[in-house]
1. Which residues, counting only those in the range 181-204, are open to solvent by 40 Å² or more (accessible area, probe 1.4 Å), over 18 Å from the mean Cα position of the chain (by Cα) and not charged (D, E, K, R)?
2. Just for the range 99-116: of the residues that are part of a loop (DSSP other than H, G, I, E, B) and of a type in the set (D, E, K, R), which one is most open to solvent (accessible area, probe 1.4 Å)?
3. For Leu317, only one of the following conditions fails: (1) open to solvent by 60 Å² or more (accessible area, probe 1.4 Å); (2) hydrophobic (A, V, I, L, M, F, W, C); (3) farther than 23 Å from His186 by Cβ. What is its number?
4. Filter the range 220-255 down to the residues that are outside any strand (DSSP E or B) and at pLDDT below 90, then identify the one that is farthest from the chain's Cα centre (by Cα).
5. Keeping to the range 181-219, report how many residues are part of a helix (DSSP H, G or I) and of a type in the set (Gly, Ala, Ser).
6. Does Leu259 qualify as being open to solvent by less than 50 Å² (accessible area, probe 1.4 Å) and either out of contact with any helix residue (DSSP H, G or I) (no Cβ under 8 Å at 6 or more places or on another chain) or among the aliphatic types (A, V, I, L, M) (or both)?
7. Taking Glu207 and the conditions (1) open to solvent by 20 Å² or more (accessible area, probe 1.4 Å); (2) among the charged types (D, E, K, R); (3) within 21 Å of the chain's Cα centre (by Cα), which numbered condition does it fall short on, given that it satisfies the others?
8. Enumerate the helices (runs of 4 or more DSSP H) found wholly within the range 1-93, keeping only those where 1 or more residues are over 24 Å from the mean Cα position of the chain (by Cα) and under 20 Å from Ile127 (Cβ atoms).
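The values are calculated or read from the model by the stated rules, or taken from the named source; none is laboratory data. Note that the coordinates shown come from a computational prediction; the quantities given were computed from them, not determined experimentally. We place every Cβ from the backbone using ideal geometry, glycine too, and count neighbours over all the protein chains shown. Areas reflect the complete protein model, heavy atoms only, side chains present, ligands, DNA and RNA absent. Shrake-Rupley method; radii C 1.70, N 1.55, O 1.52, S 1.80 Å.
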Amino acid sequence: MNWEAKIITYKKEKRIAVYFEKNTELIVRIKKLTGSRWSQTLGVWHLPNTVENRERFHLAPPSYSLPSEEGIEQIEKFKQILRSKRYSENTVTTYSEALKSFLVFYREKAVAEITNEDVIVYNNEHILKNNLSASYQNQIVNAIKLFFQIIRETKMIVDKIHRPKNAKTLPNVLSKEEVKLILNAHSNIKHKMMLSLIYSCGLRCGELLALRPVHVDSKRNIVLLKNSKGKKDRITPLSPKILEMLREYYVLFKPTTYLFEGANPGEPYSEKSLQSVLKQALKKVAITKPVTLHWLRHSFATHLLESGTDLRYIQELLGHQSSKTTEIYTHVSTKSILQIKSPFDDL
């Protein structure tokens, strides 16, 4: 089976692209790898630029792609502690991968001898040199801080580990007309239902896929979200129009364990399939913006704000821990901005 892999820069992030002639078996295997994505533009499968993936696709000598024996042992202990603290498996993977990258860089140095100065060197010689994103750097910092809070014998002063300066990016928002086009693009009621529920309730992708039929309370007109981000439960209002659609959907598909199930009964619909549903909708209505599922959540919050909903309620509906996170939507709301008259109009 012929294939080739190389490091590429995709959306300002280093990724591993895997090139091969269309092969069903290989596609199935790649889909199972964490973080794998298909790029329609590039016509290639690409994966996170992790130590394991570089080793898996022979992009780095094994001696340079693994931490020291002590480092490997410490990472395993780190994973066990995170799991005992009930961190989600996604967080465990993210933090341990980030820590591994750092400990690979210092594989010749004892963990107890690593200092704050070493973090600065790593940021300059690895993060910046490889043009890795500030968000990735922040993940590394989170992992390092948490790890060295646990390690007892260390020269690291955790409080002095600095973070990268946050980029002041605004959330991407669609107009109500664009949202309507996307939600009505599919004739398949299941596809239409999933996208509509994300927008109408402001759900994260994972929250939608974790929904079970019992979480929909038609008598109280609410949706219960269990164990969402931060291990928190919350409720969100259920639109009467959505409830009608859900009843029609339920009669046709009769879901058992999850509200939206995949090809195998009792198993949740996959995130990749849901992303594909959105891409198909965008193609059908000729929207060329790089819309993601999270854009629907951003649009839900912004449209609520523009219709006069109090920011505190929006914070509760979105499940934000801090009001500062929700306040960013005030910067993309056009309600006040459109009332400003440009001096150009008076010329």
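1. Answer for the range 181-204, where residues must be open to solvent by 40 Å² or more (accessible area, probe 1.4 Å), over 18 Å from the mean Cα position of the chain (by Cα) and not charged (D, E, K, R): Leu181, Asn184, Ser187, Asn188.
2. Taking the candidates together, the pick is Glu108.
3. Condition not satisfied by Leu317: (1).
4. The qualifying residue farthest from the chain's Cα centre (by Cα) is Lys231.
5. 3
6. yes
7. That leaves (1) as the condition not met.
8. 62-65, 69-84
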